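A.B. asks: This structure is in structure tokens; I'll ask about it shortly.
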């Protein structure tokens, strides 16, 4: 009986690793699609208008195997800075596998920090201290992050959503 249990466990391990095992090259398998970027209006904070970088996208599985449990790091970089301005860790694909040829639901990622200005929102992009931002998306399953793409944010205002909505 113990040998059957061991055989069943070994078989389950092989099937699981074959379906979405560590051999999947995320950089080649996952494609960032349906990208929409801009500056999310967080309303008035401390008496000033606050805008934060925002990117919405989907992950498309262009590989031949299902993929699950993918963590994403979305890093926001100001154009003239040498380092990351802010970042967010999000679940890209959860425990439910993404089949080949399929895409995730849209993922919305916003930085926690942004710009606060006293002038009207429509004038923020022309402010002397405003710098453009690029979102860099990285993915990992177990050991290290691999790059999936870089996207310069559009100078577009994204309206503040109603309470209870993203």
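A.B. asks: Considering region 92-135 alone, what residues qualify as being buried (at least 18 other Cβ atoms within 10 Å of the Cβ) and either closer than 20 Å to residue 68 by Cβ or in contact with a helix residue (DSSP H, G or I) (Cβ under 6 Å, 6 or more places away or on another chain) (or both)?
C.D. replies: Residues satisfying the conditions are 92, 93, 98, 104, 107, 109.
A.B. asks: While we're looking at this one, here's another question. Is it the case that some residue within region 28-43 is on the phi < 0 side of the Ramachandran plot, assigned to a strand (DSSP E or B) and either at pLDDT below 95 or surrounded by fewer than 11 Cβ atoms within 10 Å (Cβ to Cβ) (or both)?
C.D. replies: Yes, that holds for at least one residue.
A.B. asks: Please work out which residue is nearest to residue 132 (Cα to Cα), limiting yourself to region 66-88 and to residues that are in contact (Cβ under 8 Å) with a residue 12 or more places away in the chain and out of contact with any strand residue (DSSP E or B) (no Cβ under 6 Å at 6 or more places or on another chain).
C.D. replies: So the residue we want is 79.
A.B. asks: Test each condition in (1) surrounded by fewer than 17 Cβ atoms within 10 Å (Cβ to Cβ); (2) touching a strand residue (DSSP E or B) at 6+ places or on another chain (Cβ under 9 Å) for residue 63 and report the one that comes out false.
C.D. replies: Result: residue 63 fails condition (1) only.
A.B. asks: Among the listed residues 146, 133, which satisfies the condition of being within 18 Å of residue 80 (Cβ to Cβ) and either at pLDDT 95 or above or within 15 Å of the chain's Cα centre (by Cα) (or both)?
C.D. replies: Going through 146, 133 in turn, just one is within 18 Å of residue 80 (Cβ to Cβ) and either at pLDDT 95 or above or within 15 Å of the chain's Cα centre (by Cα) (or both): 133.
A.B. asks: Since residue 79 meets every condition but one in (1) loosely packed, with under 14 Cβ neighbours inside 10 Å; (2) farther than 13 Å from residue 150 by Cα; (3) modelled with pLDDT under 95, which condition does it not meet?
C.D. replies: (2)
The values are calculated or read from the model by the stated rules, or taken from the named source; none is laboratory data. Quantities reported herein were computed from a predicted structural model and do not represent experimental measurements. Cβ atoms come from the backbone with ideal geometry, glycine included; neighbour counts cover every protein chain shown.
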